[in-house]
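In what follows, a structure is listed as structure tokens, so that the remarks can point back to it.
The values are calculated or read from the model by the stated rules, or taken from the named source; none is laboratory data. All of these numbers come straight from a predicted model, not from anything done at the bench. All Cβ positions, glycine included, derive from the backbone under ideal geometry; neighbour counts span all protein chains shown.
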Amino acid sequence: MRVSRLVSATLLTVTVVATGCIGQVGDPGSPVPGGGPPGVTPPGGGGPGGTGAVADPNAAGVMPLQRLTNREYNNTVRDLLGDASQPASQFPTDHDLGLVFRRPGAVAVQDATLLRTAAESLAAAAVKNIQTLVPCTTADDACARQFITTFGQRAFRRPVATEDADRLFKLYTAGRTTLMLPFADAIGLVLEGMLQSWEFLYHWEAAPSEKAVKEGAVFRLGPYQTASRLSYFIWGSMPDDALFAAAAAGKLNTTAGVETEARRLLADPKAKDTVARFFTDWLELDRLAQITKTTTVYPDFTPALQDAMQSETEAFVQNVVFEGDGKLTTLLGAKFSFVNQALGKVYGATVTGTDLQRTDLNASQRAGFLTHPGFLALNGSADGSNPVRRGNAVYTKLLCKELPPPPANVPAPKPASMGVTTRQRFMDHDQNPCAAACHGIMDPIGFAFENFDGIGRFRTSDSGQPVDASGTVPLDGTSHSFRNAVELADILAGSAEVRDCFSTQWLRFALSRIETDADLASVRSAAKGFADAGGKINDLMVAVSATRSFRYRSLSAGEVMP
């Protein structure tokens with residue numbers, strides 16, 4: 001505690017940031033406390049925009065100032081310190097704050113305590129191998145100064161400003177003189193301070209000595225900002241030495257330079273985790289662990305099966321993107337997946353062991369991730385299927401549509417009864433005028449999945465009657481009919497509207513916010529790059545990296561540039 005008080009007293013911004021609200025997304029009125037980026041007021045995320053608006057190719061949206069997500073924190077300390085202990089597993093769960101892709105919320109006092117505790121533990125572990133931490137062999141003040149500037153650049157993801165270096169050296173000196181710490185422990189004290197500073201915990205990463213480059217009404221991100229935005233998008237972690245070098249050499253100031261580095265990062269295995277994370281967030285598969293099913297109906301719905309369901313989709317998309325053709329059409333239409341024994345019981349496939357194995361599926365029953373048990377179980381009911389939830393998932397996630405707010409007096413569907421199918425109950429419910437506005441949109445799509453029960457097992461009958469999985473979906477300006485989920489998946493795979501929505505979802509993932517009118521040109525640029533590449537996800541990620549809104553930003557309300 002004595003050391004922690006010294007860190008807080010010497011590094012005032014640590015305490016202010018940890019207990020204050022430095023730029024959590026969705027808090028547009030909060031100024032950055034002392035020690036934050038000068039002149040910056042963190043903007044809100046904005047809402048969906050673009051309908052009927054002119055796409056200005058020179059425009060760009062705001063860049064929210066936000067804290068490292070739990071995943072980013074764990075990955076960053078892994079790459080910065082070689083520490084794989086994943087301390088952020090003790091932090092509060094990240095929230096979506098109106099966006100399905102995860103991002104942290106405000107920092108409460110308890111959260112600040114957890115951040116401090118993590119910094120203390122990480123620093124204590126790191127200094128046990130002090131020789132790998134410091135860039136010199138002589139344990140003196142000059143070495144401490146060198147450590148602050150070299151290691152500090154990696155921790156802050158940009159060159160260390162003179163005032164930052166002086167502040168950190170003051171902490172080192174206090175450790176040596178006030179606490180009478182040996183050199184290694186004093187370096188640990190500095191490291192502890194770095195890990196609690198806003199420069200480490202928050203994304204801004206503008207080099208202090210660089211002058212902001214204004215182009216028209218927007219500002220180009222500095223090279224270190226671009227490097228960090230690129231690495232956290234594709235790796236979910238800090239830049240590596242090569243990316244820092246590209247930033248220092250000015251290679252990230254051009255679209256071509258950004259694309260080159262994006263492709264290099266995509267060739268690294270760390271990119272696989274990001275692709276899996278996108279699908280987990282987008283499809284909300286991490287909620288599988290929290291849902292429950294009626295045990296008398298689904299006794300096999302165990303934690304082991306729930307975990308396998310999420311892992312299946314992650315393994316599947318990683319395989320398609322990095323070992324297969326990488327196309328969205330394959331993700332929507334593949335007749336194989338990765339199955340273990342628990343999942344095999346759901347699929348009716350003979351698979352042994354707990355490891356996921358590539359398994360061919362019944363082509364007449366399954367097609368891509370929409371027929372994975374994880375998607376179906378998550379969007380099913382506790383005791384059966386649910387065309388509303390499944391149709392809503394397709395409508396909002398693959399078509400990027402928004403439903404009107406439901407009226408307050410919508411009645412619930414009739415409860416299940418013998419001889420009445422789920423489809424019949426919901427079609428009867430849809431006749432109610434109060435329900436028609438939303439359910440008339442969702443249910444005809446969701447009926448495609450009526451061949452699957454509440455945990456994704458295939459069935460041909462429901463309540464003693466044959467399943468009717470036919471329906472319609474509005475796409476590309478017309479209504480398309482289908483007989484089952486396989487046909488729906490094929491229709492979705494061939495849709496330009498679905499392809500464009502998918503590229504928009506990736507842009508949202510990269511920017512950590514919903515697009516606005518200022519991002520319209522970027523939305524269209526990403527969509528065109530995706531289409532021109534034949535719908536390949538890797539090329540889409542490169543196209544997103546090259547968009548105006550990824551490389552530039554507009555000023556937020558009240559912001560004054562220095």
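One residue is enough: does the range 489-500 have a residue meeting the conditions of a type in the set (Ser, Thr, Tyr) and over 26 Å from GLY324 (Cβ atoms)?
Step one: list which residues in the range 489-500 are of a type in the set (Ser, Thr, Tyr), which gives 495.
Checking which are over 26 Å from GLY324 (Cβ atoms) leaves us with none.
Within the range 489-500 (the criterion being of a type in the set (Ser, Thr, Tyr) and over 26 Å from GLY324 (Cβ atoms)), the answer is no, since none of the residues qualifies.
When the range 457-485 is filtered for residues that are of a type in the set (A, V, I, L, M), within 29 Å of the chain's Cα centre (by Cα) and not in a strand (DSSP E or B), only ALA485 remains. Within the range 77-105, residues that are small (Gly, Ala, Ser) have Cβ atoms under 7 Å from residues that are buried (at least 19 other Cβ atoms within 10 Å of the Cβ) and assigned to a helix (DSSP H, G or I) in these pairs: ALA88/ASN70; ALA88/TYR73; ALA88/ASN74, counting only partners at least 6 apart in sequence or on another chain. Scanning the range 75-106 for residues that are more than 13 Å from the chain's Cα centre (by Cα) and aliphatic (A, V, I, L, M) gives VAL77, LEU80, LEU81, ALA84, ALA88, ALA106. Regarding THR138, is this residue exposed (fewer than 15 other Cβ atoms within 10 Å of the Cβ) and modelled with pLDDT under 95? Here the answer is yes, as THR138 does meet what is asked.
Does GLY454 satisfy the condition of being at positive phi and not in a helix (DSSP H, G or I)? For GLY454, the condition - at positive phi and not in a helix (DSSP H, G or I) - is not met.
Among the residues of the range 516-530, is there at least one that is touching a strand residue (DSSP E or B) at 6+ places or on another chain (Cβ under 7 Å) and not small (Gly, Ala, Ser)? Within the range 516-530, not a single residue is touching a strand residue (DSSP E or B) at 6+ places or on another chain (Cβ under 7 Å) and not small (Gly, Ala, Ser).
Taking LEU555 as the residue in question, decide whether it is assigned to a helix (DSSP H, G or I) and either touching a strand residue (DSSP E or B) at 6+ places or on another chain (Cβ under 9 Å) or within 21 Å of ARG264 (Cβ to Cβ) (or both). Show your work before the answer.
Numbers: assigned to a helix (DSSP H, G or I): no; either touching a strand residue (DSSP E or B) at 6+ places or on another chain (Cβ under 9 Å) or within 21 Å of ARG264 (Cβ to Cβ) (or both): yes.
The answer is no for LEU555.
Being part of a helix (DSSP H, G or I), under 17 Å from PHE200 (Cβ atoms) and over 32 Å from the mean Cα position of the chain (by Cα) is a property that LEU114 lacks. Step by step: first the residues of the range 128-164, then only those that are within 26 Å of LEU243 (Cα to Cα) and aliphatic (A, V, I, L, M), then the one that is farthest from the chain's Cα centre (by Cα). Which residue is that? Checked the range 128-164; the qualifying residue farthest from the chain's Cα centre (by Cα) is ALA144.
Is it the case that the range 349-365 has a residue that's crowded, with 23+ Cβ neighbours inside 10 Å and within 13 Å of PHE458 (Cβ to Cβ)? The answer is no; no qualifying residue exists. The residues listed here are LEU243, LEU181, LEU230, LEU195; of these, the one that is hydrophobic (A, V, I, L, M, F, W, C) and in a loop (DSSP other than H, G, I, E, B) is LEU181.
For the range 529-552, enumerate the residues that are assigned to a helix (DSSP H, G or I) and among the polar types (S, T, N, Q). First the steps, then the outcome.
Taking the range 529-552 as the starting set, the residues that turn out to be assigned to a helix (DSSP H, G or I) are 529-532, 537-545, 548-551.
Passing the criteria: ASN538, SER545, SER549.
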